[in-house]
Amino acid sequence: MSTYFPSGKDLALRRKWLVVDAAGQTVGHLASEIASILSGKRNPRWTPFLDMGDNVIVINARQAVLKGAKIDQKMYRHHTLYPGGLREVSARNMFAKRPERVLELAIKGMLPKNKLGKAMGRKLKIYADADHPHTAQRPQPHEFTSRFNQ
């Protein structure tokens, strides 16, 4: 018997395009589901050192939900690399100005922190509203079949 071993040749040709609607979904649960799709863990041919995941388009990011007091307590921080350059933005302000960035940071934080993780992150497209320019790729709608979809 021979054992199947995937190669990296035709990975880009086998990738599907999936559309995920974030309306009414919790940010953390949605991010973990999308991160597993991007990394390819849902693929039966998954291999740890290859990027086996699919492309994901997230629409309606403006309508995603943060549960509990996270909308007021969660802070996003970055440093400008100048002295005293620590900047903080609350989740409420970030959602108001750039709702797609909230989802992007949550999803990319769940991917590996290496070259493979960056390649997985490039397959993610997030839009605040329902329109997206990827109709030529014929994306398929994706519904999560989990207990978090309530």
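No lab work stands behind these numbers, since they all come straight from the coordinates. Small disclaimer: the values here were computed from a predicted structure and weren't measured. Reconstructed Cβ throughout: ideal geometry from the backbone, glycine too, with neighbour counts over all protein chains shown.
Structural remarks
- Residue within segment 119-127 that is of a type in the set (Lys, Arg), touching a residue at least 60 places away in the same chain (Cβ under 8 Å) and outside any loop (DSSP other than H, G, I, E, B) present: yes
- Evaluation of Arg77 against the conditions (1) out of contact with any Lys or Arg (no Cβ under 8 Å at 6 or more places or on another chain); (2) among the charged types (D, E, K, R); (3) without any contact (Cβ under 8 Å) to a residue 24 or more places away in the chain shows that the sole unmet condition is (1).
- Counting only residues that are crowded, with 18+ Cβ neighbours inside 10 Å and hydrophobic (A, V, I, L, M, F, W, C), segment 96-109 holds 4 of them.
- The lone criterion from (1) surrounded by fewer than 18 Cβ atoms within 10 Å (Cβ to Cβ); (2) touching a strand residue (DSSP E or B) at 6+ places or on another chain (Cβ under 8 Å) left unmet by Thr3 is number (2).
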